Amino acid sequence: MSKILITGTSGFIGNALANQISSSSDHQAICLSRSPTNVPAATSIQADFSDPDQLRKLDPHDGIETLVHLAAVVGGCAEEDGLRVNVAGTHHLLRYLIERGCTKFVLASSIAAVGMQSIKFRPLQLPMPDEHPCLDRDGYGFSKYMMEEVTRYLSRQNESLDFINLRLASIAPDDRHLTPAEPGEIPLWAMGRLSVMFLSDTVRCLIAAIEAPHKPGVRILNAVGAQACTAVPIPELLRSWFGDDAGAIDFSYYEQPGRERDPVYDITRIREELGFVPQMPILGN
């Protein structure tokens, strides 16, 4: 039975994953969260992962093989908080676990790592590749990008480690009715509004990463729903949102029959690497 540490288990995604993992006879879940976590059959530890002193609460729990790191400060955070928690705090956590023999790390990065939360963001290409560069102006996306860079740094120090950074979509409960994006004025977090994944698919995605064969190195993988959440084809929508700037974008992918509403983030590689394909239809079609 493998021992898995999951951070952020009092949160929406973390709690769902911890309950799924704890119900499996193949895995033993250890839950780490600042708030109390009640997950049957799991060990729960109340601590702040970004505080090196509080990480000592993990000392009695030897043999952690895999980390699933979901805890973070989220979008809209102050720049200082993002760097302190998402970057420096994650570095403390990874260093602590590496020194104790952990070899596999699944981290919740974000589609915001490209900088899409600003209305000034323009993708360099579409669909956006897994490692589209960070063009962030606001701090949160930059903190997630820098977290990915921390894994690259640690991988250079120990080439046997397996790091999977999942650039997760906006996550919705399975029963939420989504409102498709319409042409008009560009909204904040525009690409985030288009890129949604339901909770059950998110849990499946995380488990696919956990159970994927060990592969040394760093992987950055987009993880979004199978369709864009849009009422009109992507070229029509983005030409409306971006105005004259849309002329610099190649929309030819979406002009192919059947691809008019494909995701704005490329999800080819996550299927190839982890075998993960989102199943929940975004707009019920």
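The values are calculated or read from the model by the stated rules, or taken from the named source; none is laboratory data. Keep in mind it's a predicted model, so treat the numbers as computed, not measured. Don't worry about glycine lacking a Cβ; one is built from the backbone with ideal geometry, like all the others, and counts go over all protein chains shown.
Taking the residues in the range 156-206 that are of a type in the set (Asp, Glu) and within 20 Å of Ile13 (Cβ to Cβ) as candidates, determine which candidate is farthest from the chain's Cα centre (by Cα).
Asp175
Pick out the one residue from Arg261, Arg219, Arg204 that is over 30 Å from Ser24 (Cα atoms) and of a type outside the set (A, V, I, L, M, F, W, C). Steps first, please.
Numbers: Arg219 fails: over 30 Å from Ser24 (Cα atoms); Arg204 fails: over 30 Å from Ser24 (Cα atoms).
Of the residues listed, the single one that is over 30 Å from Ser24 (Cα atoms) and of a type outside the set (A, V, I, L, M, F, W, C) is Arg261.
Within the range 162-189, work out how many residues are touching a helix residue (DSSP H, G or I) at 6+ places or on another chain (Cβ under 6 Å) and either of a type in the set (A, V, I, L, M) or buried (at least 22 other Cβ atoms within 10 Å of the Cβ) (or both).
8
Sort out which residues of the range 233-277 are without any contact (Cβ under 8 Å) to a residue 60 or more places away in the chain, outside any helix (DSSP H, G or I) and under 19 Å from Glu185 (Cβ atoms), and write them in order of number.
Within the range 233-277, just Pro233 meets the criteria.
Are any residues in the range 218-232 within 14 Å of the chain's Cα centre (by Cα) and either in a loop (DSSP other than H, G, I, E, B) or of a type in the set (Phe, Trp, Tyr) (or both), and if so, which ones?
Residues satisfying the conditions are Val224, Gly225.
Got a number for residues in the range 184-223 being in contact (Cβ under 8 Å) with a residue 24 or more places away in the chain and more than 29 Å from Trp241 (Cα to Cα)?
Adding up the residues that qualify gives 16.
For the range 128-165, give me the residue count where each residue is under 9 Å from Ala113 (Cα atoms) and basic (Lys, Arg).
Qualifying residue count for the region: 1.
Within the range 62-75, is even one residue more than 25 Å from Glu211 (Cα to Cα), of a type in the set (D, E, K, R) and modelled with pLDDT of 95 or more?
Checked against the condition, which is being more than 25 Å from Glu211 (Cα to Cα), of a type in the set (D, E, K, R) and modelled with pLDDT of 95 or more, the range 62-75 yields no hits at all.
Do any strands (runs of 3 or more DSSP E) lying entirely in the range 1-69 carry at least 2 residues that are over 18 Å from the mean Cα position of the chain (by Cα), and which ones are they?
Result: 2-7, 27-33, 43-46.
Any chance the range 261-274 includes a residue that's more than 20 Å from Pro129 (Cβ to Cβ) and over 14 Å from the mean Cα position of the chain (by Cα)?
No; the residues of the range 261-274 include none that is more than 20 Å from Pro129 (Cβ to Cβ) and over 14 Å from the mean Cα position of the chain (by Cα).
Can you name the residue in the range 237-274 that is surrounded by fewer than 16 Cβ atoms within 10 Å (Cβ to Cβ) and charged (D, E, K, R) and is also farthest from Gly217 (Cα to Cα) among such residues?
My answer is Asp244.
Which pairs have Cβ atoms under 7 Å, sit 6 or more apart or on different chains, and link a residue in the range 98-114 that is over 20 Å from Ala190 (Cα atoms) to one that is β-branched (Val, Ile, Thr) and assigned to a loop (DSSP other than H, G, I, E, B)?
From the range 98-114, the pairs are Arg100/Ile64; Cys102/Ile64.
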